[in-house]
Amino acid sequence: MKPRGSLSAFAERNGIPVTLYLLTCVGIWVFLLVLLPQVTMLDYSFRANLPPSKVGGPEDVYTLEHYRYFLLGSSANPDGWNALDIGVLVKTLVAALFVTLFDLAICYPVAFLLAKGVRGGGARLLILALIVPFWVNEILRAFAFRILFGATGVLNETGMMLGLWEAPIDFIGSDVALYAGLGYAYILLMIFPLYNAIESLDSNQLEAARDMGASWAQVHRRVVIPYAKPGIASGCTMVFMLSAGALAAPQILGGPSNLWFTQLVYQWFNSGGNWPRGSAYAIILLVVCVGFVMFMMRVFRVSIGAIGR
């Protein structure tokens with residue numbers, strides 16, 4: 001008997017009207033909110049920055065100028081390459097990677113506890129404790145972190161009152177507040193993919209490993225982590241992409257001398273008034289981030305299909 005596709009099985013279980021409705025909604029979402037904006041931005045990135053009166057005229061031609069500018073800077077640049085913007089991109093990727101690893105280290109024990117350590121009311125209470133703080137708007141949470149880590153904030157005042165340090169520590173300028181704010185902002189996107197992966201692991205495998213004399217560190221290294229690798233990859237991908245593309249947190253929690261690459265994109269679109277160059281920078285960020293994620297998936301031998309389970 002010929003196996004039926006997943007779409008046919010879904011339609012048989014839920015009916016043709018429900019299937020058509022979901023396909024229509026997904027198609028509209030993918031086309032209007034994903035493909036169309038990205039294709040439009042890609043087209044903009046190859047256009048010259050012209051006043052509205054010249055758009056569509058003989059000067060409105062495709063060009064690689066904005067990508068060349070990212071690599072080489074202005075024609076008067078003595079260095080021969082755009083060290084500032086390239087450095088900001090590299091710093092943003094490294095910082096996003098740090099935030100991702102920070103979240104993974106914090107969320108893995110929590111996800112394992114949720115999946116295998118607590119049951120019933122305790123699990124529901126823990127999930128509620130994780131979700132309720134995110135009822136607060138992201139902007140308000142960022143300002144709360146600025147109050148917490150500011151020179152006259154709660155952390156500095158408490159530390160000086162207890163005699164742990166004598167002068168306020170610049171948590172804002174050293175990016176401590178930014179990393180903490182970004183890590184907290186996307187913590188649920190790491191916990192729940194890990195939880196979904198670990199929860200499906202048969203507990204008998206953990207008990208068997210313990211009965212054979214494996215320590216808890218060996219159980220996690222040889223049983224839990226290999227099994228949960230798709231969940232780890234899914235959580236890390238979402239946290240990395242969102243951290244690299246964050247704007248509100250870097251604007252509020254970043255120091256005066258620290259730039260996030262998204263801030264460069266924002267400046268070109270707004271204060272710079274150069275939408276084509278802003279589009280080019282946005283496309284560069286997207287391509288570099290996707291390329292990095294695909295490279296890491298290949299290194300750790302995780303497929304896209306496994307992430308989507």
So Ser203 clears everything in (1) touching a residue at least 60 places away in the same chain (Cβ under 8 Å); (2) surrounded by 16 or more Cβ atoms within 10 Å (Cβ to Cβ) except one condition, right? Which one? (2)
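Quick one: is Val110 among the β-branched types (Val, Ile, Thr), in the same structural domain as Gln205 (by TED's automatic domain parsing) and farther than 12 Å from Ile191 by Cα?
Details: among the β-branched types (Val, Ile, Thr): yes; in the same structural domain as Gln205 (by TED's automatic domain parsing): yes; farther than 12 Å from Ile191 by Cα: no.
Against the criterion (among the β-branched types (Val, Ile, Thr), in the same structural domain as Gln205 (by TED's automatic domain parsing) and farther than 12 Å from Ile191 by Cα), Val110 does not qualify.
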Just for helices (runs of 4 or more DSSP H) wholly inside region 1-110: which have at least 3 residues that are farther than 27 Å from Phe292 by Cα? 6-14, 16-28
Selection from region 48-66 of residues that are under 20 Å from Gly273 (Cβ atoms), open to solvent by 60 Å² or more (accessible area, probe 1.4 Å) and under 32 Å from the mean Cα position of the chain (by Cα): Asn49, Glu65
From the list Val34, Val26, which one is under 30 Å from Leu259 (Cα atoms), exposed (fewer than 11 other Cβ atoms within 10 Å of the Cβ) and within 25 Å of the chain's Cα centre (by Cα)? Val34
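Given the criterion surrounded by fewer than 20 Cβ atoms within 10 Å (Cβ to Cβ) and either aromatic (Phe, Trp, Tyr) or over 30 Å from Tyr62 (Cβ atoms) (or both), identify the matching residue among Ile232, Ile225. It would help to see each step written out before you state the result.
Numbers: Ile232 fails: surrounded by fewer than 20 Cβ atoms within 10 Å (Cβ to Cβ).
None of the other options fit; the residue is Ile225.
Would it be correct to say that Thr100 is open to solvent by less than 50 Å² (accessible area, probe 1.4 Å) and β-branched (Val, Ile, Thr)?
Details: open to solvent by less than 50 Å² (accessible area, probe 1.4 Å): yes; β-branched (Val, Ile, Thr): yes.
Yes, satisfied.
Can we say Asp175 is acidic (Asp, Glu) and under 19 Å from Phe240 (Cβ atoms)? Please lay out each step first, then the result.
On the way: acidic (Asp, Glu): yes; under 19 Å from Phe240 (Cβ atoms): yes.
Yes.
Please report, ordered by residue number, the helices (runs of 4 or more DSSP H) entirely within region 192-271 with at least 2 residues that are under 23 Å from the mean Cα position of the chain (by Cα). If you could, list the steps in order and put the result at the bottom.
Values: elements: 203-211, 216-219, 229-244, 248-253, 261-269.
It comes to 229-244, 248-253, 261-269.
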Return the total of residues in region 157-186 being more than 30 Å from Leu93 (Cβ to Cβ) and part of a helix (DSSP H, G or I). 5
Identify the residue in region 263-304 that is open to solvent by 60 Å² or more (accessible area, probe 1.4 Å) and small (Gly, Ala, Ser) and, among all such residues, is nearest to Thr63 (Cα to Cα). Ser271
If I filter region 5-20 for residues that are open to solvent by less than 70 Å² (accessible area, probe 1.4 Å), in contact with a Ser or Thr (Cβ under 9 Å, 6 or more places away or on another chain) and either closer than 23 Å to Phe70 by Cβ or not aromatic (Phe, Trp, Tyr) (or both), do I get at least one hit? yes
Condition (residue is surrounded by fewer than 21 Cβ atoms within 10 Å (Cβ to Cβ) and under 17 Å from the mean Cα position of the chain (by Cα)) applied to region 162-179: is it met by at least one residue? yes
Subset of region 296-309 (residues that are over 16 Å from the mean Cα position of the chain (by Cα) and of a type in the set (A, V, I, L, M, F, W, C)): Val299, Phe300, Val302, Ile304, Ala306
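The values are calculated or read from the model by the stated rules, or taken from the named source; none is laboratory data. Computed from a prediction, not measured in an experiment: that's the story for all the values here. Reconstructed Cβ throughout: ideal geometry from the backbone, glycine too, with neighbour counts over all protein chains shown. When the accessible area is computed, the model is the full protein with side chains, heavy atoms only, and any ligands, DNA or RNA have been set aside. Shrake-Rupley method; radii C 1.70, N 1.55, O 1.52, S 1.80 Å.
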